[in-house]
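The values are calculated or read from the model by the stated rules, or taken from the named source; none is laboratory data. On a predicted model such as this, the values are computed, not experimentally measured, just so you know. A quick note on method: Cβ atoms are made from the backbone with ideal geometry, for glycine too, and the neighbour counts reach across all protein chains shown. Heads up: the accessible areas ignore ligands, DNA and RNA and are worked out on the full protein's heavy atoms, side chains in. Shrake-Rupley method; radii C 1.70, N 1.55, O 1.52, S 1.80 Å.
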Amino acid sequence: MGLFADKYPDVAYQEKERLWEQVKADPRYPSYLYGCYECGICVAACPSARFYDFSPRKIAQAAAREDIDLIYEQMNDDVWNCSQCFSCNRCPRQNSPGGVITILREVAVKNGLKSAKQALEGYSRIIYKIMGTGTQVSPDMLQPDAFPDWGPQVREVSADLELWRRALPPETLHTTSTGWQVDDKTIIELYLIWHNTGVMDMIAEVDEGLHMILNDVMEEKLEEAGYEV
Amino acid sequence: MTATATAEVIPYNAVNTKSSRKFERQAEYAPEDFHDHLFELEAEGEWIVQRVPEPYVEVMTKFGRKKKIPLEMTWHHKSCGQCGHIPGYSTAIFWLNRKLDLKYTDPTDQTSCTAWNYYASATSNAAAQAGVAMRNFAAAYETGYYPLIHCGTSYGHYKEVREEMMHHAEVRHQVRDVMKKLGKPLVMPEEIVHYSEWIHAVRDRIAAKQKRDFSNLAVTVHPACHYYKLVQEDAIYDPDIYGGQRTATVSALIVALGAEVRDYSTWFDCCGFGFRHILVQRDFTRSFATRRKIEVMKEEANPDVVITHDTGCVTTLDKSQFVGQAHGLNVGVPVMSDAQFAALAMGAHPYRVCQLHWHSTDYKPLLEKMGIDHEAAWAEFQEDLKKLKSGEKEYLTWEDVG
Ligand code: SF4
Ligand code: SF4
């Protein structure tokens, strides 16, 4: 029985427990949580705790107590607020609350939790970019409507992008749709990694449309290169 | 009271990185030395360890161990955020290598580490992340050059991967099987080295070639979280810099270049990048960067420039200031990497090499303090652009930029 009122009473305890077992089964988990002094050092260091109703101490506590209901609540309502800066690694107990959060997020994605889908809304184009092209950030992402709060300088970059890219001395940086020039062979190898480590299945759980587009792009290239998917 | 120039007066630039406290880390708190495990696994035939090529410089890490930093034959593992959005960062790193006559390669057989996406969306897993790292390491090994990692997040994440690959045979074997499918060997570098560690190792060579006087510059340093908080025992520390209590990387360079490092109370705070926040929850990023970092620096240290050593930090601290300025916050400090700062010290062109026109916050007063005629420099760069536009030249080359 947890210390807090169950915020998700409609979700069966067994289901919450099943997800928690997946978190604990991650090989990294034992080295991310050794127990908790409840000292709050992680909270003092945590940027997200300053701006959200969020606490790495609470995450560590819930995990250490195995408070299944609270962990499920955090997996839905809290984990996406974390900045993944790992300032909380200064924990005197050698915990990594941020690392526990990485695993909680991964389990949320792998199981297609509604909150994970919501958290990833508006994010698909980034996943497409990194998984499909091999570089996560490209110069052509710098569009004024995407970054209105970055001021007029973004407009200047996007207006003369192709020209400004040609004014870069390193030969690999003349690209606009990828961060640098990436070999076709390299991209194929990246696709093989995604296919052979279950990442494509994770994408299918959270965004079917994105999964379809990525699969089409990858299948074509992989088949051309003589790989069967 | 007036300050007099006596032998007792400690120069300003010494005060802020000097500490009267001697900070000795106790050996019992030191985590295991990963090298032992690394070589054991090699002896068992589990992987190949790529040795740091000679010549290298030995530096000290947090618990007093030595870390080898290669000087040349480096394989530049580029950063997507640097190359994509602040390309003067990567250009400056290459330019420094060229000016110091150190051999390197800029590969096209390289992907992002994909950790930005992983920390933002969790749409990956430990084996896939390790697979991406090991593919890049194998690609470097095949060329005979040694990986030098440009991004702080790639660096921190790859160190996490090293931990996972060393301690979890199931992850290691899964990745080994994937590498087999790619026809690649499983290779782990002897040291995972960040470019800012390379700059740290060659800072005296940089200072020896310094062309611009920086003694009138006040600098605040933002140490990058993923550089020294992830696998923290493997970051550079030096008893002469902050008494060994904070990482010496970046600050030691500023001292070597004769500028003044000024301290501020929120130095340990992150920049507010947040991985997903900078893309889809930017209200948090903007607020944190301006309220907890730039405003505090302005109030407590009033610097001419913020120097940092990671992709996300330069982007966040620079771009977030626009809205802060619109709201009348006490902001307005240019932000750049240690690589660009070092290049400017060595006489690099602010636009052709450091590509400062990709940065947002006004850097012109800083250039003036550095003694750079930025109007003339901009006019030169405009001439370059004209030539590129007319087709007279296809690209600006290394020969063009001096
Ligand atoms: S710093 Fe560590 S021990 Fe202290 S509250 Fe946080 S997780 Fe618990
Ligand atoms: S990793 Fe997350 S929980 Fe830890 S300090 Fe950073 S924001 Fe807070």
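A few remarks follow.
- Candidates in the range A:139-184 are the residues that are more than 7 Å from chain B (Cβ to nearest Cβ), under 15 Å from residue B:322 (Cβ atoms) and surrounded by 15 or more Cβ atoms within 10 Å (Cβ to Cβ); of these, the one that is farthest from the chain's Cα centre (by Cα) is A:156.
- A single member of A:76, A:89, A:81, A:95 is away from ligand 2 (no atom under 13 Å from the Cβ), within 14 Å of another protein chain (Cβ to nearest Cβ) and closer than 26 Å to residue B:124 by Cβ, and it is A:76.
- Members of the range B:159-197 that are touching a strand residue (DSSP E or B) at 6+ places or on another chain (Cβ under 9 Å) and among the polar types (S, T, N, Q): B:196
- Residue A:47 crowded, with 23+ Cβ neighbours inside 10 Å, in contact (Cβ under 8 Å) with a residue 40 or more places away in the chain, facing chain B (nearest Cβ under 8 Å) and under 20 Å from the mean Cα position of the chain (by Cα): yes
- Under the condition of being within 14 Å of chain B (Cβ to nearest Cβ) and within 9 Å of ligand 1 (Cβ to nearest atom), the residues counted in the range A:13-44 number 5.
- Of the listed requirements (1) in contact with a Ser or Thr (Cβ under 9 Å, 6 or more places away or on another chain); (2) at pLDDT below 95, residue A:215 misses just one: (1).
- Condition met for residue A:68 (within 14 Å of ligand 2 (Cβ to nearest atom) and touching a residue at least 24 places away in the same chain (Cβ under 8 Å)): no
- Looking at B:380, B:392, just one residue is open to solvent by 40 Å² or more (accessible area, probe 1.4 Å), more than 10 Å from chain A (Cβ to nearest Cβ) and in a helix (DSSP H, G or I), and that residue is B:380.
- Filtered residues of the range A:19-38 (kept if open to solvent by 70 Å² or more (accessible area, probe 1.4 Å) and at negative phi): A:21, A:25, A:30, A:34, A:37
- Residues in the range B:147-182 that are in a loop (DSSP other than H, G, I, E, B) and in contact with a Ser or Thr (Cβ under 9 Å, 6 or more places away or on another chain): B:150, B:151.
- Considering the conditions (1) open to solvent by less than 20 Å² (accessible area, probe 1.4 Å); (2) at the interface with chain B (Cβ under 7 Å from one of its Cβ atoms); (3) among the β-branched types (Val, Ile, Thr); (4) in contact with a Gly (Cβ under 7 Å, 6 or more places away or on another chain), residue A:187 is excluded by exactly one of them, (2).
- Taking the criterion of being surrounded by fewer than 24 Cβ atoms within 10 Å (Cβ to Cβ), closer than 25 Å to residue A:132 by Cα and touching a residue at least 40 places away in the same chain (Cβ under 8 Å), the only residue of the range B:88-120 that qualifies is B:105.
- Output for the range B:16-55, where each listed residue is open to solvent by 70 Å² or more (accessible area, probe 1.4 Å) and within 27 Å of residue B:259 (Cβ to Cβ): B:18, B:20, B:21, B:22, B:23
- Candidates in the range B:72-87 are the residues that are open to solvent by 10 Å² or more (accessible area, probe 1.4 Å) and touching a residue at least 40 places away in the same chain (Cβ under 8 Å); of these, the one that is nearest to the other protein chains (Cβ to nearest Cβ) is B:80.
- Qualifying helices (runs of 4 or more DSSP H) (wholly inside the range B:187-298; at least 3 residues being more than 13 Å from chain A (Cβ to nearest Cβ) and open to solvent by less than 30 Å² (accessible area, probe 1.4 Å)): B:195-201, B:251-256
- Evaluated against (1) away from ligand 1 (no atom under 16 Å from the Cβ); (2) under 30 Å from residue B:109 (Cβ atoms); (3) crowded, with 24+ Cβ neighbours inside 10 Å, residue A:86 falls short on exactly one condition, (1).
- Candidates B:184, B:159: the one that is farther than 21 Å from residue B:117 by Cα and assigned by TED's automatic domain parsing to the domain that holds residue B:112 is B:184.
- Residues that are open to solvent by less than 20 Å² (accessible area, probe 1.4 Å) and within 14 Å of ligand 1 (Cβ to nearest atom), drawn from the range A:92-133: A:95, A:96, A:97, A:98, A:99, A:100, A:101
- When residues of the range A:50-83 are limited to those that are within 18 Å of residue A:22 (Cβ to Cβ) and acidic (Asp, Glu), the one surrounded by the most Cβ atoms within 10 Å (Cβ to Cβ): A:78
- For the range B:132-170, a tally of residues being under 15 Å from the mean Cα position of the chain (by Cα) and of a type in the set (Gly, Ala, Ser) returns 3.
- For the range A:117-130, a tally of residues being within 8 Å of chain B (Cβ to nearest Cβ) and either aliphatic (A, V, I, L, M) or over 18 Å from residue A:212 (Cα atoms) (or both) returns 5.
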